[in-house]
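Worksheet: the structure to be examined is printed underneath.
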Amino acid sequence: MTLAPETAGTTTGASLTSTLPGSLYTDPAVFRQEQQYIFESLWCCAVRAADLPRPGAFRTVQVGRESVLIVRNRRGGFGAYLNVCRHRGARLCTDASGEVRRNLQCPYHAWTYDLDGRLVAAPNLRRMPDVDRSERGLLPVRLREWLGYVWVCLADEPPSFEETVAGAVSERLGGAGAIERYGMAGLDLGRRITYDVRANWKLIVENFMECYHCATIHPELTDVLPEFADGFAAQYFVGHGAAFAAEAEGFTVDGSGGFARIAGIEESQDRRYYAITVRPQVFLNLVPDHVIVHRMFPLAADRTVVECDWLYAPEVIAAGADLTRSVELFHRVNAQDFAACERTQPAMDSRAYRAGGVLVPSEHHIGDFHRWVTRLLPGSPGVPEAQEHQGPQEPLETPETPDGPAPDGPAPAPAGPAAARPPGAGTSASP
């Protein structure tokens, strides 16, 4: 698996390279292809395992064009199924979440399924001895549990989870053990905020991947992570984490102290922020005392729901600690970023953006994401490797990281700050 863009951190001979054309952010036909060939074909992070604490607890999520039902079974494990009754196609669970005592029952004709998806009852079913109940069960969806979350894949033959998901994280951090030190499965949910973003999902990914905008719209973030003010993206090089400002005591909105370091975090990971993009819809943000997880659920070409979790050590939550300053920092980053994406979305349909825009050198790695997207879409015009934009061309200097000159070798997977919507607008929060 190659995550490093060929143009990242290298001299391309052109300062400006081309983006995707505007129609790829607005065309419903393109969005439908993305749903089918990206979100319905790859592993997607669906729910946090702890959200389903008991047998019968369920949640439904939108994956591509499908509603997927995830339920805790009586053995303590999970099942994932298409949320469609096998009788006449009614939506089985109409609520986003809930809990059933014994079985799942369709509200239309009362076909009833156990927590393993088997058909167990239906009106007059005993009068139909030729019906094979085992063949009429809910259609299963492939499932994996990792980092305390349930991941699903709708493909008949899913890609390797180890290569496309765990491998992306390992390659970004420089080793398989780095993410495990945060003990994410053992952390507790401190806060969850859901953002309804009126923008295409790709704009949100692109925003997270670069920090060219950070000095302009993220004053609180750049106070804590000063290298971001220079447009440097924390995920640009393998294993690099952005250092906290010398005067910052913690990753909080005012730089005040946070909480004790998560047990297992090494000294080299202390006072560092790591950002990771797991394609197609997850952003991981790692700091010493908490972890922030974004999950994107694209609903239309111009609408994406983003669910953001703030995770803390269990003792922090049990003590009733005030999380306000800790949560507020990245909530503001989210709000600022999503607002920027929403300002950008209308222009995607403008004749001024018909051929697309441009990427400056610190954004060239976004071109790899663009090529990744277009390679997955049948009949897409694609983005040529290192396509140059017509305009002034000056040789690029080798970019320097805050720790010195850019190292030889590949740059890591895309990631970076987050994306956002104005505070209180189109968001919902839960403790």
When segment 119-146 is checked residue by residue, the ones that are out of contact with any Lys or Arg (no Cβ under 8 Å at 6 or more places or on another chain) and in contact (Cβ under 8 Å) with a residue 40 or more places away in the chain are Pro140, Val141, Arg142, Leu143, Arg144, Glu145
Checked Gly258, Gly239, Gly250 against criteria (in contact (Cβ under 8 Å) with a residue 60 or more places away in the chain, on the phi > 0 side of the Ramachandran plot and assigned to a loop (DSSP other than H, G, I, E, B)); the one match is Gly239
Checking Glu145, Glu157, Glu99, Glu162 in turn, the sole residue that is surrounded by fewer than 19 Cβ atoms within 10 Å (Cβ to Cβ) and more than 18 Å from Ala80 (Cα to Cα) turns out to be Glu162
Within segment 314-347, the residues that are closer than 20 Å to Ala301 by Cα and open to solvent by 10 Å² or more (accessible area, probe 1.4 Å) are Ala339, Ala340, Glu342, Arg343, Thr344, Gln345, Pro346, Ala347
With the first residue restricted to segment 65-88 and required to be acidic (Asp, Glu), and the second required to be modelled with pLDDT of 95 or more and open to solvent by 10 Å² or more (accessible area, probe 1.4 Å), Cβ contacts under 7 Å at 6 or more apart or on different chains are Glu66/Glu40; Glu66/Leu82; Glu66/Leu154
Within segment 355-384, residues open to solvent by 40 Å² or more (accessible area, probe 1.4 Å), in a loop (DSSP other than H, G, I, E, B) and either among the aliphatic types (A, V, I, L, M) or at pLDDT below 50 (or both) come out as Ala355, Pro384
The condition of being within 17 Å of the chain's Cα centre (by Cα) and not small (Gly, Ala, Ser) holds, among Asp230, Asp156, Asp196, only for Asp196
In segment 72-96, residues that are β-branched (Val, Ile, Thr) and open to solvent by less than 60 Å² (accessible area, probe 1.4 Å) total 1
Considering segment 261-313, residues that are surrounded by fewer than 20 Cβ atoms within 10 Å (Cβ to Cβ), touching a residue at least 12 places away in the same chain (Cβ under 8 Å) and among the small types (Gly, Ala, Ser), and then whichever is farthest from Leu173 (Cα to Cα), we arrive at Ala300
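The values are calculated or read from the model by the stated rules, or taken from the named source; none is laboratory data. Just so you know, these numbers come straight off a predicted model, no measurement behind them. Ideal geometry is used to build each Cβ from the backbone, glycine not excepted, and the neighbour counts take in all protein chains shown. The area values use the complete protein model at the heavy-atom level, side chains included, leaving out ligands, DNA and RNA. Shrake-Rupley method; radii C 1.70, N 1.55, O 1.52, S 1.80 Å.
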